[in-house]
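**Q** My questions all concern the structure below.
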Amino acid sequence: MLSIDHWPFWSGLATIIILWFWRWRHARWGRFVTTIEHESLHAIVGMLTLIPVRELKVREDGSGHVLFEPPGHWLLYLAPYFIPLLLVIEIALVRLLHLPARPEGAVLGGLVALSFLGHLRQIHPGQTDFRHAGLVFSAAFLPAAILICYGTAFSLVQGGGPEKWLDLFSTWGTSTWEDLIWVFNQVSS
């Protein structure tokens, strides 16, 4: 990950982090973009899990909300804190358009940074989403979910496609199944 081939990624990542802390985190449009990503993820997860979305509002000052038919569920509330929507869209477009590697790496690095900084900006004790999903569950779940999502992003940067990510979960699934069989045998004997 630190080879010369990845310098566009690290350049894009560093550029966005510097710009964020220098000016963008206080800029209205910076809060607006990260809030659009956040609220859109609430709406997308709601629709994918068949919960009707009634309203999606994002204001110029960076505040917003999504109204949906209750009851909600933990994924609906927590998805915007670990799924980098801008990054997912960019990865899909780059794979479809077959863009050159260097510009793609820089854009990917910039979007990883922007998504991650947006997630950090939105994670604070006053978030109502955490109360709805459960504070203890949110605190236990989010670190692992963030590591998996951003680990997947780094895997894609390294040239591993979605099949590498699926290999990880098939290996994990096989190990989990074997562990369950062992536990069942221990309990039943």
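**Q** Between the stretch 39-53 and the stretch 61-75, how many Å separate their Cα centres?
**A** Here the two parts' Cα centres lie 8 Å apart.
**Q** A further question follows. If the chain between Ala92 and Phe137 were fully stretched, how many nm would it gain, using 0.36 nm times the residue separation less the Cα-Cα distance?
**A** 13.1 nm
**Q** Something else now. With a 10 Å Cβ neighbour count serving as the proxy for reagent exposure, in which order, fewest first, do Phe9, Phe130 appear?
**A** Ascending number of Cβ neighbours within 10 Å: Phe130, Phe9.
**Q** What percent of all Cα-Cα pairs in the chain falls in each 10 Å bin, counting up from 0?
**A** 8, 29, 33, 21, 7, 2, 0
**Q** Right, something else. How would Val107, Val187 line up from fewest to most surrounding beta-carbon atoms within 10 angstrom? Could you put the intermediate results ahead of the total?
**A** Numbers: Val107 19, Val187 7.
Ascending Cβ contact count within 10 Å gives the list Val187, Val107.
**Q** If neighbour count is taken as other Cβ atoms inside 10 Å, put Glu39, Glu60 in order from fewest to most.
**A** In order of increasing Cβ crowding within 10 Å: Glu60, Glu39.
**Q** In the chain, which longest range has no trypsin sites (Lys or Arg not before Pro) that are both DSSP loop (not H, G, I, E or B) and surrounded by at most 16 other Cβ atoms within 10 Å?
**A** Here the longest segment lacking exposed loop sites spans 60-189.
No value in this document is a laboratory result; all are computed from the given coordinates. Note that the coordinates shown come from a computational prediction; the quantities given were computed from them, not determined experimentally. We place every Cβ from the backbone using ideal geometry, glycine too, and count neighbours over all the protein chains shown.
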